[in-house]
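These notes are about the structure you will find just below.
None of the figures in this text is laboratory data; all of them are computed from the coordinates on show. Only a predicted model underlies this, so the values are computations on that prediction, with no experimental measurement involved. Cβ sites come from the backbone with ideal geometry, for glycine too, and all protein chains shown count toward neighbours.
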Amino acid sequence: MADPHASRTHCRIVVGDNRAVLVDAGSTYGTKVGGSKVTDYELKPEDVISLRETEVRFVDSWGAASKTR
């Protein structure tokens with residue numbers, strides 16, 4: 001990622017149990033989803049993740065976040 005303001009390890013996405021959870025890695029400026037700062041957040045398809053000046057959209061092409069229970 002070419003954002004000089006994002007931390008080297010800014011956040012991670014943990015996938016399992018039919019869900020995907022975004023976890024902030026203690027980044028200096030935090031991680032936002034839909035404009036709100038989060039420390040951990042269960043992602044939904046099309047959520048927008050902000051890492052300082054970079055925005056990425058969560059696309060669940062494998063169904064990791066589908067609620068099939």
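Amide H contacts under 5 Å for T31: V38, restricted to partners 5 or more places along the chain or on a different chain, H placed in the peptide plane at 1.01 Å from N. Under a 5 Å amide H cut-off, with hydrogens placed 1.01 Å from N, C11 pairs with A25 among residues at least 5 apart or on other chains.
Amide H contacts under 5 Å for D47: F58, restricted to partners 5 or more places along the chain or on a different chain, H placed in the peptide plane at 1.01 Å from N. Among residues other than V59 with Cβ under 14 Å from its Cβ, the summed charge is -2 (Lys and Arg +1, Asp and Glu -1).
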